[in-house]
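*Asks:* Before we start, here is the structure in question, set down as C-alpha cells.
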Amino acid sequence: MTRIILLTSGKGGVGKTTIASNLAYALTELGEDVIAVDANLTTPNLGLCMGIPLAQHTLHDVLRRETKLRNAVYMHPYGFKLIPASMSIKDLGGVDVGRLPSVTLSLLGQADYVIMDCSAGLGREATSAIAAADEIILVTNPDLPSVADALKTANLVKKLKKRIIGVVVNRIKRKEYELSKEEIEGLIEAPVIAEIPEDMEVARSIAAKRPVVDYNPNSPAAVEIRRLAHKLTGRPFKYRRPKNFRILERLIGWMT
Ligand code: ADP
Ligand code: MG
C-alpha cells in the first residue's frame, strides 16, 4: 500500500524541504520504495537540495498536460525517485494546481511512500497539496508565530478531512523562551512525533547538496530524522552515539 505523506506548515522557512528530502533518503535507507514530489510550485527547491536543480520534464509540465507523469519521474542516485518542479517563473503559466490530487492518485501502487514537499501558507497551492495527500505532517519551529501558523494549517487539514499524523518541531535550541513539546501539542491538538535540534550540519549538508542523514548520519538532526523514519515505518530505533560524539556533547554541555 502506498502512503502519501505531505510535509506542510503555515509559516515558511521552518524546515519542510530539509525534512522532506532527508525523510525520503532515510526511508530509502530502510529499504522502502520512495517517490519524493516537489509540490512547491511557486518556490520549489527540493530538486536543488537533492542536487537536481534542472530537469527536462517537471511537475509543472505534467500539471500543464504537456507531458506524461512517467517522464517527470527521475531515479535519484540515492535510490529514491524524484518528481521535481521547475525553478523557472515562466513555467507557472497555465499550471492547474487543482490537478495535484489526480497526479498523486496515479502514484498509488508505484511506491511504498510518496513524500511531498509543498509551499507554506493556506493558498490554493498549499490547499491542493493537502487535498493530494492522505497523511499530513505539520512542520513548525518552537516559536509562537510558527506554531500559530501551524494551527491555522491544522484547521485547514481538518476541514479537508485529512489525517494529521503529527507535528515535527524543528530547529530546537533548548532555550527557555522556546515553546515546549507539551505546549505545542496543547495548542495544535496533535502529537509531536519528532523533535529535531538546531544543527549546523544541516546548512553544511545543503551546501554540499546532500541530505544531512547521508552527509553526517550521527549529527543530532540526522539522528532525529532517522528516528522519525523508523517511527513512520513502525520499526524500533536503537541508536547509540559514537563515543567521541558523546564526549564532544558533554564538553558543549559544560560550555553552554
Ligand atoms: P521550508 O522548506 O519550510 O521553507 P527549509 O527546509 O528550506 O524550510 O529550511 C530553511 C532553512 O533552515 C534552510 O536554510 C536550512 O538550512 C535551515 N534549517 C532547517 N532545518 C534546520 C536545522 N534543524 N538546523 C539548522 N538549520 C536548519
Ligand atoms: Mg521549502
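*Asks:* Identify all residues within region 1-17 that are part of a loop (DSSP other than H, G, I, E, B) and either more than 9 Å from ligand 1 (Cβ to nearest atom) or open to solvent by 10 Å² or more (accessible area, probe 1.4 Å) (or both); write none if there are none.
*Replies:* Passing the criteria: 1, 2, 10, 11, 12, 13, 15.
*Asks:* Further, regarding this structure: Any residue that is touching a Ser or Thr at 6+ places or on another chain (Cβ under 9 Å) and among the polar types (S, T, N, Q) - is there at least one of those in region 168-191?
*Replies:* Yes, some residue in region 168-191 is touching a Ser or Thr at 6+ places or on another chain (Cβ under 9 Å) and among the polar types (S, T, N, Q).
*Asks:* Ok, one more. Contact list please: Cβ distance under 7 Å, first residue in region 108-125 and of a type in the set (Asp, Glu) and more than 13 Å from ligand 1 (Cβ to nearest atom), second residue part of a loop (DSSP other than H, G, I, E, B) and open to solvent by less than 40 Å² (accessible area, probe 1.4 Å), pairs at least six apart or on different chains.
*Replies:* 112/2; 112/32; 125/41; 125/119
*Asks:* If you go through region 238-247 one residue at a time, do you hit one that is in contact with a Gly (Cβ under 8 Å, 6 or more places away or on another chain) and closer than 27 Å to residue 33 by Cα? Even if it seems obvious, please write down each step before you answer.
*Replies:* Start the filter on region 238-247 by keeping residues that are in contact with a Gly (Cβ under 8 Å, 6 or more places away or on another chain), which leaves none.
No, every residue in region 238-247 fails to be in contact with a Gly (Cβ under 8 Å, 6 or more places away or on another chain) and closer than 27 Å to residue 33 by Cα.
*Asks:* With respect to residue 48, is the statement that it is in contact (Cβ under 8 Å) with a residue 24 or more places away in the chain and either assigned to a strand (DSSP E or B) or among the β-branched types (Val, Ile, Thr) (or both) true? Lay out the reasoning, then the answer.
*Replies:* Working: in contact (Cβ under 8 Å) with a residue 24 or more places away in the chain: yes; either assigned to a strand (DSSP E or B) or among the β-branched types (Val, Ile, Thr) (or both): no.
Judged against the criteria, residue 48 is not a match.
*Asks:* Would you pick out the residues in region 18-50 that are open to solvent by 20 Å² or more (accessible area, probe 1.4 Å) and under 12 Å from the mean Cα position of the chain (by Cα)?
*Replies:* Filtering region 18-50 for residues open to solvent by 20 Å² or more (accessible area, probe 1.4 Å) gives 18, 25, 28-33, 42-43, 45, 48-49.
Once the filter is applied, which keeps residues that are open to solvent by 20 Å² or more (accessible area, probe 1.4 Å) and under 12 Å from the mean Cα position of the chain (by Cα), region 18-50 yields 18, 25, 45, 49.
*Asks:* Where in region 125-242 are there helices (runs of 4 or more DSSP H), lying wholly inside it, with at least 3 residues that are open to solvent by 30 Å² or more (accessible area, probe 1.4 Å)? If you could, list the steps in order and put the result at the bottom.
*Replies:* Values: elements: 144-159, 181-188, 200-207, 212-215, 220-233.
Passing ranges, in order: 144-159, 181-188, 200-207, 220-233.
*Asks:* Which numbered condition trips up residue 34, out of (1) at pLDDT 95 or above; (2) within 16 Å of ligand 1 (Cβ to nearest atom)?
*Replies:* Against the list (1) at pLDDT 95 or above; (2) within 16 Å of ligand 1 (Cβ to nearest atom), residue 34 comes up short only on (2).
The values are calculated or read from the model by the stated rules, or taken from the named source; none is laboratory data. From a predicted model like this one, the values you see are computed outputs, not experimental measurements. Every residue, glycine among them, receives a Cβ derived from its backbone with ideal geometry; neighbour counts consider all protein chains shown. We work out accessible area using only protein heavy atoms, side chains counted, and drop any ligands, DNA or RNA first. Shrake-Rupley method; radii C 1.70, N 1.55, O 1.52, S 1.80 Å.
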